[in-house]
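Working notes for the structure below.
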Amino acid sequence: MKVLIACEYSGIVRDAFISMGHDAISCDLLPSESPGPHIQDNVLDVINPTFDLMIAHPPCTYLCSSGLHWNTRKSVDSTPENVIYTPEAVARQQKTKDALKFIKMLWEAPIKRICIENPVGIINSRLPFMPRPQYIQPYEYGHDASKKTGLWLKNLPMLVPWSEDYVQPRLVEKNGRIYNRWANQTDSGQNALPESANRGHDRAKTYNGIAWGMLEAWHDQT
């Protein structure tokens, strides 16, 4: 197949498909972090009907549930009768609208098979035409990590978890309750990756097991 990996700079999904003989290329505004076919450009200028499959990883900063509270921060002058948002909240609200527009344009791209990958967020509540996503976890594909991720699929089968490679969590007790935690989580459930300039960049990378799960599910979609 001719495969476009949209919004990918790591090359992880691209290289998985190339390894099985597919004509795969990644595209992102950033350069590729690994050698291989890559277009550094706006993916909307690259999309065309010659691709058989597009796997897209659009930025989630302004879509994921964990950050949406910043969109609703109110000014000190706000009242119940006259809601005034902070300038930062207004700016984020516009960026959320732009991010949703980008999702819509990817979904409506002239490519037969499409997967859009994103964390839990507002895609379905704000874009009701989108199908229900399949949610997957890295620990279902051999990684000691938790990161609930949605896959919105068009003309593609769902991924099949690797039951033999399922990674068991450690158990944490808190206030008399038991919680599952994996290696990338603190005991409280927060991401354990330390704060740094590259934290968001590193967290956005696709896990290798998930990339191979995609390849396993879709390699023969001709």
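Every residue in segment 77-119 that is in a helix (DSSP H, G or I) and farther than 14 Å from Leu63 by Cα, please. It would help to see each step written out before you state the result.
Step one: of segment 77-119, the residues in a helix (DSSP H, G or I) are 87-107.
The answer is Pro87, Glu88, Val90, Met105, Leu106, Trp107.
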- Across segment 33-46, what is the total count of residues that are open to solvent by 30 Å² or more (accessible area, probe 1.4 Å) and either aliphatic (A, V, I, L, M) or within 12 Å of the chain's Cα centre (by Cα) (or both)? 2
- Query: Is it fair to say Ser75 is surrounded by fewer than 16 Cβ atoms within 10 Å (Cβ to Cβ), modelled with pLDDT under 95 and in contact with a Gly (Cβ under 8 Å, 6 or more places away or on another chain)?
  - Reply: no
- touching a Ser or Thr at 6+ places or on another chain (Cβ under 6 Å), open to solvent by less than 10 Å² (accessible area, probe 1.4 Å) and among the aliphatic types (A, V, I, L, M): does that describe Ile5? yes
- Query: Do we find a residue being farther than 26 Å from Ala211 by Cα and open to solvent by less than 90 Å² (accessible area, probe 1.4 Å) anywhere in segment 110-117?
  - Reply: no
- Note on the structure: Scanning segment 57-74 residue by residue, those of a type in the set (Phe, Trp, Tyr) and part of a helix (DSSP H, G or I) turn out to be Trp70
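The values are calculated or read from the model by the stated rules, or taken from the named source; none is laboratory data. Not measured: the values here are computed from a predicted model. Ideal geometry is used to build each Cβ from the backbone, glycine not excepted, and the neighbour counts take in all protein chains shown. Note: accessible area is taken over every heavy atom of the protein model, side chains too, but ligands, DNA and RNA are not part of it. Shrake-Rupley method; radii C 1.70, N 1.55, O 1.52, S 1.80 Å.
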